[in-house]
Amino acid sequence: MTRPIRILIVEDEAAIREGLIDVLVFHGYEVDSAAEGPDGLDKALTGRFDLILLDIMLPGLDGYEICERIRAEDRHQPIIMLTAKSSDDDIIHGLKLGADDYVPKPFSIQQLVLRIEAVLRRSQVGLEQARTLSIGDVVIDTENLSGMNGNDEIAFTRREIEVLCYLAENPERPVSREELLSKVWGYAKGLDIETRTVDIHIAKLRRKIETDPKAPENLVTVRGAGYRLMTGSS
């Protein structure tokens with residue numbers, strides 16, 4: 001028998017937390033929750049969750065530190081951060097720490113559920129790409145989410161590897177931001193999703209694989225068309 005999908009909600013606002021629990025249980029998920037940062041971190045590190053919904057502003061320990069400490073233990077754990085809608089800095093910082101996506105507050109329940117389903121689909125698909133990617137001087141082990149640039153080791157998140165692998169599978173053409181949202185994040189085409197996720201992940205990847213991230217030679221922008229990865233794979 002297939003076990004139920006388990007989701008952890010770390011949110012200090014009781015009305016939001018209880019509402020999320022009701023919605024996710026209604027959709028068939030098994031849900032646990034925490035109202036404070038330390039309790040949320042403990043549950044995240046000791047439980048077995050398919051997805052973590054993580055607020056940023058929490059008592060005791062904020063969502064940034066929780067995300068960073070989860071990533072230090074498990075680079076595969078799917079995480080969606082809940083952020084204040086007007087705070088671009090919150091969004092950018094959370095994604096830099098390794099969150100898979102964010103949902104700005106206030107959010108519609110329908111959009112939240114769609115984005116949860118998309119992240120879960122991608123995590124269940126797994127990494128079915130080439131085991132090794134060679135990008136310039138960087139050699140990447142996609143299974144272990146790690147790379148080497150000479151003697152320097154580079155750590156990647158699962159989502160970063162998925163972006164690189166999808167671009168590597170389509171070397172003959174630029175891949176648009178919308179296509180990446182559809183194929184890597186799993187969002188339905190035409191869905192009106194407010195997100196800077198692709199842009200931020202591209203910027204993060206350039207800092208890891210480019211000699212000069214401001215003048216990329218490997219992960220290049222094709223004006224008006226999208227991104228192209230100059231790579232060899234095996």
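The values are calculated or read from the model by the stated rules, or taken from the named source; none is laboratory data. Model, not experiment: these values are computed from the prediction. Neighbour counts run over all protein chains shown; Cβ positions are idealised from the backbone, glycine included.
Do we find a residue being modelled with pLDDT of 85 or more, of a type in the set (A, V, I, L, M, F, W, C) and under 19 Å from Tyr187 (Cα atoms) anywhere in region 86-98?
Checked against the condition, which is being modelled with pLDDT of 85 or more, of a type in the set (A, V, I, L, M, F, W, C) and under 19 Å from Tyr187 (Cα atoms), region 86-98 yields no hits at all.
Any residue at all in region 7-28 that is at pLDDT below 95, closer than 28 Å to Leu145 by Cα and touching a strand residue (DSSP E or B) at 6+ places or on another chain (Cβ under 8 Å)?
No - not one qualifying residue is present in region 7-28.
Show the residue pairs meeting these rules: Cβ distance below 7 Å; 6+ apart or different chains; first residue within region 171-188 and more than 14 Å from Arg122 (Cα to Cα) and hydroxyl-bearing (Ser, Thr, Tyr); second residue surrounded by 17 or more Cβ atoms within 10 Å (Cβ to Cβ) and at pLDDT 85 or above.
Ser176/Gly226
Just to be sure, is Asp32 touching a residue at least 40 places away in the same chain (Cβ under 8 Å), outside any helix (DSSP H, G or I) and not β-branched (Val, Ile, Thr)?
No; evaluated as a whole, the condition is false for this residue.
Can you give me the number of residues within region 4-28 that are farther than 17 Å from Gln77 by Cα and either free of Cβ contacts under 8 Å to residues at least 24 places away in the same chain or surrounded by fewer than 19 Cβ atoms within 10 Å (Cβ to Cβ) (or both)?
15
Just to be sure I understand, how many residues within region 149-175 are acidic (Asp, Glu) and touching a Gly at 6+ places or on another chain (Cβ under 6 Å)?
Summing the residues that are acidic (Asp, Glu) and touching a Gly at 6+ places or on another chain (Cβ under 6 Å) in region 149-175 gives 0.
Residue by residue through region 115-157, note down the ones that are within 30 Å of Pro104 (Cβ to Cβ), at pLDDT 85 or above, in contact with a Leu (Cβ under 8 Å, 6 or more places away or on another chain) and of a type outside the set (A, V, I, L, M, F, W, C).
Once the filter is applied, which keeps residues that are within 30 Å of Pro104 (Cβ to Cβ), at pLDDT 85 or above, in contact with a Leu (Cβ under 8 Å, 6 or more places away or on another chain) and of a type outside the set (A, V, I, L, M, F, W, C), region 115-157 yields only Thr157.
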